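*Asks:* Got a structure for you, questions after.
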Amino acid sequence: MDRKKLYGRWYFWEELAGFPMMLFYWIKGDNIYKMLSDRINIARLKADQFTLTEKHKNEFLIEYDKLDNFFSFHFKEIDQSRSHNFDDKIKYCLNHYKKESSRHFSSKNLMVLQENFLNGAEKTLFLYFVLDHKVRREIRLTDIMIGENSSKYFLKFLQEKKYIDENHNLLVDQKSSFIRIHRFLKDNYVINPDFQDTTIIEAMENEYNTNFDKGTFSRAITVKPNEFEESIFKELSKIFNIKY
């Protein structure tokens with residue numbers, strides 16, 4: 001999270017405006033935990049009442065990926081862990097908020113941080129609740145690939161090349177090579193480039209019933225393709241009409 005983007009420039013008159021707001025919340029007795037709980041309830045209620053269409057699903061997945069606020073930065077970070085429940089994730093974000101707020105004695109910065117944290121929480125968790133309960137944990141290639149039948153053609157190609165079996169289980173040990181094939185499709189707009197690597201990893205894990213850790217993924221895409229991979233790219237270029 002870019003701190004300069006979060007706080008902006010410092011102006012003396014903004015301190016005068018921020019102090020009364022801090023005093024108001026102190027007198028009212030609303031602490032950050034209570035205010036965050038209210039936003040969580042609002043986000044959950046909105047998500048429960050929302051009807052998710054296929055169009056909304058794809059748009060929301062991209063929007064969730066691109067979220068850039070103080071809450072989303074830390075929530076998406078801890079959300080990748082499968083050993084933490086929802087309450088653990090909220091506590092994690094709150095701890096980071098408290099650490100950040102302890103660094104400031106400026107009323108203006110504290111109010112900016114609080115507003116960014118609470119508004120970010122409501123927006124982030126609305127998308128999280130909608131996607132998590134209905135599609136996010138089952139995101140697959142069809143959700144990240146451009147074109148109605150792109151995933152169908154690609155999976156058929158992988159089966160013919162003995163990369164996967166009829167149930168899409170990964171058959172090869174060379175995960176790095178497999179990752180570079182998917183990166184090639186992302187670079188050529190067959191896999192939607194708006195999706196971050198973490199989302200692509202999640203789709204691959206669900207599709208191929210295996211794990212792809214971020215370290216392996218990051219290293220794999222920096223390695224130059226070998227001759228065999230180049231031949232695979234040429235075949236995929238014909239299937240998806242890519243200039244290569």
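*Asks:* Could you put 213, 194 in order, starting from the residue whose Cβ has the fewest other Cβ atoms within 10 Å?
*Replies:* In increasing order of surrounding Cβ atoms, one gets 213, 194.
*Asks:* Whose amide H sits under 5 Å from the amide H of residue 191, counting only residues 5 or more places off or on another chain, with H placed in the peptide plane?
*Replies:* Amide H neighbours of residue 191: 146, 186.
*Asks:* A further question follows. Under the 0.36 nm per residue contour assumption, what length would be gained going from the current alpha-carbon distance of residue 54 and residue 149 to full extension?
*Replies:* 32.7 nm
*Asks:* Here is a follow-up. Pairs 34/91; 66/186; 156/238; 55/238; 57/152; 76/98: which are spaced more than 22 Å apart, C-alpha to C-alpha?
*Replies:* 55/238
*Asks:* In region 139-198, which trypsin sites (Lys or Arg not before Pro) are in a loop and have at most 13 other Cβ atoms within 10 Å, using DSSP for the loop call?
*Replies:* Sparse-neighbourhood loop trypsin sites (Lys or Arg not before Pro): 161, 162.
Each value in this text was obtained by applying a stated rule to the coordinates, not by laboratory testing. All figures in this text were calculated on a predicted structure; none of them were measured in a lab. Using ideal geometry, Cβ is built from the backbone for each residue, glycine included, and neighbour counts are taken over all protein chains shown.
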